[in-house]
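Right, one structure below, let's go through it.
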């Protein structure tokens, strides 16, 4: 299932900047960054729930926010990319 994960972490304090780094790192471990605070994750439901739980524990719910957009399995019809930064195919070959 494809999920779009967006976050906004308040970075006015040192602890906010630390939370931002932790949230970004957790997303990078499980998803592909498509914009600064936007990630696409192609995960099974169990893996998604674990990631969501980890992210919820990292943020300060009074100052930060998380948004999850569930694109499902037929996500290719729902995503349109225009402009800079080549898009990627999460189902394609990954070369490391």
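Would you mind ranking 40, 56, 26 so that the residue whose beta carbon has the fewest other beta carbons within 10 Å leads the list? Fewest-to-most Cβ neighbours within 10 Å comes out as 56, 26, 40. Between residue 68 and residue 52, the simple spin-label model (points 7 angstrom out along Cα→Cβ) gives 0.2 nm.
Bear in mind that the values in this text are calculations on the coordinates, not laboratory data. Here the structure is a predicted model, which means the values were calculated and not measured. Ideal geometry is used to build each Cβ from the backbone, glycine not excepted, and the neighbour counts take in all protein chains shown.
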